[in-house]
Amino acid sequence: MKQVGVIGSYSDIEYDKRLEKIAVQIGELIADNGFALICGGEEQGGLVQASMRGAKSRNGLVIGIVRDKKNVAPEVDICIPVYGAIGLREYLLPLACQAIISINGGSGTLNELSVAYQNKIPVVIIKGTEGWSGKLENKYLDKRRKELFITADTPEQAIMLVKQIIKRSDLL
């Protein structure tokens, strides 16, 4: 089963509440297409947990990489604890994905985007979601131009791009 990451803001960062609907829809589409959703799996609300709710509403598989087992979201099917290691989740999560969808995001999302970029893991950013995602729409992280952060206008377009990315990687 292919793993698609969802990264973005937890509830401790302010964001436009319309983004939660987008995150739920992304989770639904990930599950509908037979992908596992991999994310930070803490029960802290926000966009990541909204995507988990969407995936679970469609009987999808949710894999959560968590800092400890105390705050695991109820939507998580498989829990991978890293026991408090700051930054380790942000390093491991992108490496476990064939593609990533990014919505808004603060410093943890920036860490995940950097790891994805360094390792040439494709990232699809939902257009207009602000945060680090918004700052990196259709951009490279630096002059090395390793991997363009591509932008999708809608969750449906994001999944279409993810499917193309995964199909292309299967051919390599």
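The values are calculated or read from the model by the stated rules, or taken from the named source; none is laboratory data. Keep in mind that this is a model prediction, so the values were computed, not measured. Virtual Cβ from ideal backbone geometry, glycine too; neighbours counted across all protein chains shown.
For region 151-160, how many residues meet the condition of being closer than 16 Å to GLU28 by Cα and either of a type in the set (D, E, K, R) or free of Cβ contacts under 8 Å to residues at least 40 places away in the same chain (or both)? Number of matching residues: 4.
Somewhere in region 71-82, is a residue in a helix (DSSP H, G or I) and under 22 Å from GLU147 (Cα atoms)? Looking for residues that are in a helix (DSSP H, G or I) and under 22 Å from GLU147 (Cα atoms), one finds none in region 71-82, hence no. Cβ separations smaller than 9 Å between residues 6+ apart or across chains give the following pairs from region 129-148 residues that are closer than 9 Å to TYR117 by Cβ to residues that are outside any helix (DSSP H, G or I) and among the acidic types (Asp, Glu): TYR140/GLU147; LEU141/GLU147. Consider region 64-87 and keep the residues that are of a type outside the set (Val, Ile, Thr) and surrounded by 16 or more Cβ atoms within 10 Å (Cβ to Cβ). The one that is nearest to GLY54 (Cα to Cα) is GLU75. Selection of region 28-68 for residues being on the phi > 0 side of the Ramachandran plot and at pLDDT below 95 yields GLY45, GLY46. Of all residues in region 1-17, those that are farther than 25 Å from ALA36 by Cα and buried (at least 20 other Cβ atoms within 10 Å of the Cβ) have Cβ atoms under 8 Å from Cβ atoms of residues that are charged (D, E, K, R) and at pLDDT 90 or above, 6 or more apart or on another chain, in TYR15/GLU130.
Per-residue answers, yes or no, for (1) of a type outside the set (Val, Ile, Thr); (2) within 16 Å of LEU37 (Cα to Cα); (3) at pLDDT 95 or above; (4) surrounded by 14 or more Cβ atoms within 10 Å (Cβ to Cβ):
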| position | (1), (2), (3), (4) |
| --- | --- |
| ASN104 | yes, no, yes, yes |
| TYR117 | yes, no, yes, yes |
| VAL124 | no, yes, yes, yes |
| GLU137 | yes, no, yes, yes |
| ASP153 | yes, no, yes, no |
| ILE159 | no, yes, yes, yes |
| VAL162 | no, yes, yes, yes |
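Taking each residue of region 71-87 that is at positive phi and looking for partners that are at pLDDT 95 or above with beta-carbon atoms closer than 8 Å, six or more apart or interchain, yields GLY87/ASN111.
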